[in-house]
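See below for the structure under consideration.
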Amino acid sequence: MSVVSLRTMMKMIRLSLPFIILLISACANNPYDSPKEINEACRFEMQAALTAIKLRNKDKPKSNLLAKLTPLEKNSSRLLVNMYQIVDEVYSHVELNETIYPRYRFELCQRQLSYKSYPLTIEPVLPMLKRCQQQFGSDSPEQATTCIVKGLDTDSNEKPD
């Protein structure tokens, strides 16, 4: 091997080393390595949805909730993007109650973090959510959850990017 090609190879290794370290670090620091961690993250989103509904029902303006969030940027976290989506959906779909919508967000989060197919917006599953709410309301949260899961399995034909 010539001295020039050896130098070129060493230079390539030095240049790529930071990227390799970042990749390894990103994989090692994945906050959702286990079902338990996914459940914890999704319970947080479910609670955020419930809180947004309670504030909406107390006539708190949508702008008050949005003002508490960090502004969205090009590289915003999945969680921040979802918080904005939750606020928008809660105020756009006042017909969805505190049983159905938070459980929907929990199931949606589970699918996102497990890399399963999920609807990109609420619109395609809104009729299903309304049916689940009409059937089970707030009387049977377990049956409502089962209804939502079955509906997402049937209606969710969109996939994440």
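The values are calculated or read from the model by the stated rules, or taken from the named source; none is laboratory data. Everything quoted here is computed from the prediction, not taken from an experiment. With ideal geometry, Cβ positions are generated from the backbone for all residues, glycine too; neighbour counts draw on all protein chains shown.
For the range 1-117, which helices (runs of 4 or more DSSP H) that fit wholly inside it have 1 or more residues that are charged (D, E, K, R), at pLDDT 95 or above and buried (at least 17 other Cβ atoms within 10 Å of the Cβ)?
Where helices (runs of 4 or more DSSP H) fall fully within the range 1-117 and carry at least 1 residues being charged (D, E, K, R), at pLDDT 95 or above and buried (at least 17 other Cβ atoms within 10 Å of the Cβ), they are 35-57, 78-92, 100-113.
Looking at 64, 75, 97, can you tell me which residue is closer than 25 Å to residue 143 by Cα and either in contact with a Leu (Cβ under 7 Å, 6 or more places away or on another chain) or assigned by TED's automatic domain parsing to the domain that holds residue 145 (or both)?
Among 64, 75, 97, only 97 is closer than 25 Å to residue 143 by Cα and either in contact with a Leu (Cβ under 7 Å, 6 or more places away or on another chain) or assigned by TED's automatic domain parsing to the domain that holds residue 145 (or both).
Please work out if residue 146 is under 18 Å from residue 86 (Cα atoms) and either at pLDDT below 95 or of a type outside the set (Lys, Arg) (or both). I'd like the intermediate steps shown before the answer.
Values: under 18 Å from residue 86 (Cα atoms): no; either at pLDDT below 95 or of a type outside the set (Lys, Arg) (or both): yes.
So residue 146 does not fit the description; no.
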